[in-house]
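Q: Below is one structure. I have some questions about it.
The values are calculated or read from the model by the stated rules, or taken from the named source; none is laboratory data. The model shown is predicted, which means the values in this text are computed figures rather than measured ones. FYI the Cβ positions are ideal-geometry reconstructions off the backbone, even for glycines, and counts take in every protein chain you see.
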Amino acid sequence: MSSVVVVGIQWGDEGKGKVVDYLTEDAHLVVRFQGGNNAGHTIIIEGKKTALRIIPSGILRPNTRCLLASGVVLDLAVLLEEIKSLSDAGIVVTPERLGIAGEAPLILPYHVGIDQARESLRETKGTKIGTTGKGIGPTYEDAVSRNGIRVSDLCQPEVLKEKLENIVPLKNKYLKEVLGSKEQYSFQEIYDTLIEQSKTILPYLTNVSSELIRARTEGHFIMFEGAQGSLLDIHHGTYPYVTSSSTVAGFACVSAGIGPKHIDYVLGICKAYATRVGEGPFPTEDHGEDGERLRLIGKEFGTVTGRPRRCGWFDAVAVRKAVRINGVDSIIITKMDVLTGFSKIKIGLHYLLDGSPIDDLPLTIEDCQRVEVFYEEMDGWTEDLGGIRKFSDLPVNAQKLINRLSEITETEVGGFSIGPEREQTIITGAGLKKIANRT
Ligand code: IMP
């Protein structure tokens with residue numbers, strides 16, 4: 001059996017959770033490796049909706065254990081709420097079902113305050129990033145500057161207390177004097193809350209790296225579930241309009257504490273069109289009726305913030321880049337059904353910058369924002385795709401679109417999805433079927 005990394009290869013919200021849920025029937029472990037509760041997805045099984053932000057979608061499969069690796073930033077209040085709402089829905093998240101890396105940094109209330117205060121300040125200057133306001137960036141910053149509080153700190157209350165006593169006043173000073181914010185935090189309140197939360201959280205602590213190596217040695221199927229999208233990657237995305245973690249497949253190894261040779265397959269997920277939440281370049285964005293229609297039919301509103309997503313056409317340049325930086329083996333194209341009824345479907349094939357063709361996102365935001373996109377148009381279809389279960393049953397023009405997307409991304413299409421239900425994900429690629437043990 002194998003280890004598969006599933007990553008989004010656009011700007012997030014590609015439908016990764018749904019695909020992971022579909023593929024995890026036989027998975028032993030599902031590992032989340034970056035981001036925090038800035039992510040969010042809704043899984044629909046037999047009409048019942050489950051919203052997840054931190055816990056991997058594998059939790060919906062009773063025989064699967066989920067792990068949160070060291071690169072995930074954790075807001076314990078949100079995690080505990082999620083555990084509770086899952087158990088209210090009949091999915092009991094015991095420490096047998098979920099393991100948490102002791103190295104994972106904690107999102108604390110002042111991180112959220114700083115994230116939001118910075119965004120307000122940037123807004124006045126017109127340089128807002130459009131973060132989710134969940135404290136993700138400030139938490140990663142503290143981890144890198146070695147001022148972070150990690151899950152393992154909960155094991156040593158005295159040390160935790162000392163760290164917080166030092167950090168909280170500094171954060172308050174920064175909030176007040178630099179960011180001009182009124183938000184101030186009490187060290188004692190944060191400490192007391194963490195001690196209370198630790199009673200529930202500590203039993204979940206595990207050694208993620210050792211668990212993974214053991215599972216591999218025993219021949220189990222392991223799945224790594226990416227969050228956000230490759231073009232929001234801190235190193236390779238449209239910086240600074242990115243998230244603060246590395247969202248690409250390689251980071252699964254770093255975060256989980258395994259080597260690159262322990263990954264067998266990289267699966268990229270992309271929509272048949274494109275969306276983006278928050279600010280930043282989006283060359284194929286459609287500001288007209290088509291974009292509006294994609295938003296309405298595709299229900300393109302953020303799961304975490306409820307913000308309307310910006311919508312546009314498939315961007316082959318961006319996806320090709322994502323395929324490259326992840327080492328994608330095959331792609332799954334989601335939300336094909338949303339394109340039903342469009343008489344013409346556009347695909348952004350390549351960019352022109354000052355009249356010259358370019359085949360990558362330019363390095364500067366200014367250039368990214370002024371590229372012209374060269375589009376190809378394909379004929380659409382009107383048939384409802386909801387009941388389709390085989391590639392050959394798709395309308396001919398939908399088949400042509402999938403084949404063309406494979407051609408222009410230079411990547412095998414291993415499947416497609418035509419609706420939100422579990423059985424509306426269709427796997428077509430032989431390699432992917434084999435690796436996920438799905439026939
Ligand atoms: P942050 O991750 O909250 O710092 O936000 C940074 C950027 O990433 C913003 O443009 C967000 O809208 C975007 N972002 C963060 N998480 C997601 C996600 O799960 N889907 C799509 N965009 C996201």
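Q: Could you grab me the full set of residues in region 224-267 that are within 16 Å of the ligand (Cβ to nearest atom), in contact with a strand residue (DSSP E or B) (Cβ under 8 Å, 6 or more places away or on another chain) and among the acidic types (Asp, Glu)?
A: Glu225, the sole residue that qualifies.
Q: Six or more apart or on different chains, Cβ atoms under 8 Å: show the pairs whose first residue is in region 98-126 and closer than 24 Å to Ser186 by Cα and whose second is within 15 Å of the ligand (Cβ to nearest atom) and of a type in the set (Phe, Trp, Tyr).
A: Pro105/Tyr140
Matching residues to (1) at pLDDT 95 or above; (2) touching an Asp or Glu at 6+ places or on another chain (Cβ under 9 Å):
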{"residue": "Glu366", "(1), (2)": "no, no"}
{"residue": "Asp379", "(1), (2)": "yes, no"}
{"residue": "Phe391", "(1), (2)": "yes, no"}
{"residue": "Asn403", "(1), (2)": "yes, no"}
{"residue": "Gly429", "(1), (2)": "no, yes"}
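Q: Need the failing condition index for Ala322 against (1) surrounded by 21 or more Cβ atoms within 10 Å (Cβ to Cβ); (2) more than 16 Å from the ligand (Cβ to nearest atom); (3) closer than 22 Å to Ile358 by Cβ, just the number.
A: (2)
Q: Which of the residues belonging to region 7-18 are touching a helix residue (DSSP H, G or I) at 6+ places or on another chain (Cβ under 9 Å) and either among the small types (Gly, Ala, Ser) or more than 14 Å from the ligand (Cβ to nearest atom) (or both)?
A: First, the residues of region 7-18 that are touching a helix residue (DSSP H, G or I) at 6+ places or on another chain (Cβ under 9 Å): 7-12, 16-18.
Within region 7-18, Gly8, Gly12, Gly17 qualify.
Q: Related question: Identify, by number, the condition in (1) of a type in the set (Phe, Trp, Tyr); (2) surrounded by fewer than 19 Cβ atoms within 10 Å (Cβ to Cβ); (3) within 26 Å of the chain's Cα centre (by Cα) that Phe416 doesn't meet.
A: Only one criterion is unmet by Phe416, namely (2).
Q: Report, by residue number, each residue of region 74-88 that is without any contact (Cβ under 8 Å) to a residue 60 or more places away in the chain and charged (D, E, K, R).
A: Passing the criteria: Glu81, Glu82, Lys84, Asp88.
Q: Taking Gly113 as meeting all but one of (1) assigned to a strand (DSSP E or B); (2) buried (at least 22 other Cβ atoms within 10 Å of the Cβ), write down the number of the exception.
A: (1)
Q: Another question, if that's okay. Could you tell me whether region 348-358 includes any residue that is at negative phi, out of contact with any His (no Cβ under 8 Å at 6 or more places or on another chain) and part of a helix (DSSP H, G or I)?
A: no
Q: A further question follows. Are any residues in region 271-286 under 23 Å from Val4 (Cβ atoms) and away from the ligand (no atom under 13 Å from the Cβ), and if so, which ones?
A: Applying the first criterion (under 23 Å from Val4 (Cβ atoms)) to region 271-286 yields 271-272.
If the condition is that a residue be under 23 Å from Val4 (Cβ atoms) and away from the ligand (no atom under 13 Å from the Cβ), then Ala272 is the only one that fits.
Q: Looking for whichever is hydroxyl-bearing (Ser, Thr, Tyr), at negative phi and buried (at least 22 other Cβ atoms within 10 Å of the Cβ) here; the options are Tyr174, Tyr140. Which one fits? Before you say what the answer is, go through the steps one by one.
A: Numbers: Tyr174 fails: buried (at least 22 other Cβ atoms within 10 Å of the Cβ).
That would be Tyr140, the only listed residue that is hydroxyl-bearing (Ser, Thr, Tyr), at negative phi and buried (at least 22 other Cβ atoms within 10 Å of the Cβ).
Q: Sort through Gly99, Gly137, Gly130, Gly148 and tell me the only one that's within 13 Å of the ligand (Cβ to nearest atom), of a type outside the set (Asp, Glu) and not in a helix (DSSP H, G or I).
A: Working: Gly99 fails: within 13 Å of the ligand (Cβ to nearest atom); Gly137 fails: not in a helix (DSSP H, G or I); Gly148 fails: within 13 Å of the ligand (Cβ to nearest atom).
Within the list Gly99, Gly137, Gly130, Gly148, the selection yields Gly130.
Q: Which of the residues belonging to region 28-56 are under 17 Å from Val5 (Cα atoms), in a strand (DSSP E or B) and more than 9 Å from the ligand (Cβ to nearest atom)?
A: Scanning region 28-56 gives Leu29, Val30, Val31, Arg32.
Q: Condition check: in contact with a strand residue (DSSP E or B) (Cβ under 7 Å, 6 or more places away or on another chain), in contact (Cβ under 8 Å) with a residue 24 or more places away in the chain, surrounded by fewer than 19 Cβ atoms within 10 Å (Cβ to Cβ) and at negative phi. Does Gly386 satisfy that? I'd like the intermediate steps shown before the answer.
A: Values: in contact with a strand residue (DSSP E or B) (Cβ under 7 Å, 6 or more places away or on another chain): no; in contact (Cβ under 8 Å) with a residue 24 or more places away in the chain: yes; surrounded by fewer than 19 Cβ atoms within 10 Å (Cβ to Cβ): yes; at negative phi: yes.
It is false that Gly386 is in contact with a strand residue (DSSP E or B) (Cβ under 7 Å, 6 or more places away or on another chain), in contact (Cβ under 8 Å) with a residue 24 or more places away in the chain, surrounded by fewer than 19 Cβ atoms within 10 Å (Cβ to Cβ) and at negative phi.
Q: Give just the number: which of (1) closer than 18 Å to Tyr191 by Cβ; (2) crowded, with 19+ Cβ neighbours inside 10 Å; (3) in contact with a Gly (Cβ under 9 Å, 6 or more places away or on another chain) does Gly148 not satisfy?
A: All conditions are met except number (3).
Q: Do you know which residues across region 57-73 are part of a loop (DSSP other than H, G, I, E, B) and within 16 Å of the ligand (Cβ to nearest atom)? Talk me through it step by step, then tell me what you get.
A: From region 57-73, those part of a loop (DSSP other than H, G, I, E, B) are 61-64, 69-71, 73; that's our starting set.
Gly71, Val73 - these are the residues of region 57-73 that are part of a loop (DSSP other than H, G, I, E, B) and within 16 Å of the ligand (Cβ to nearest atom).
Q: Now a separate question. Got a number for residues in region 287-319 being away from the ligand (no atom under 14 Å from the Cβ), surrounded by fewer than 20 Cβ atoms within 10 Å (Cβ to Cβ) and in contact (Cβ under 8 Å) with a residue 40 or more places away in the chain?
A: Here the count works out to 3.
Q: Residues that are out of contact with any helix residue (DSSP H, G or I) (no Cβ under 7 Å at 6 or more places or on another chain): which strands (runs of 3 or more DSSP E) entirely in region 370-439 hold 2 or more of them? Give the steps one after another, and end with the answer.
A: Details: elements: 372-379, 412-417, 425-427.
Ranges flagged: 372-379.
Q: Additional query: Restricting to region 102-118, name every residue that is within 22 Å of the chain's Cα centre (by Cα) and more than 9 Å from the ligand (Cβ to nearest atom). Reasoning before the result, please.
A: Initial filter on region 102-118 (within 22 Å of the chain's Cα centre (by Cα)): 102-108, 111-112, 115-116.
Correct list: Gly102, Glu103, Ala104, Pro105, Leu106, Ile107, Leu108, His111, Val112, Gln116.
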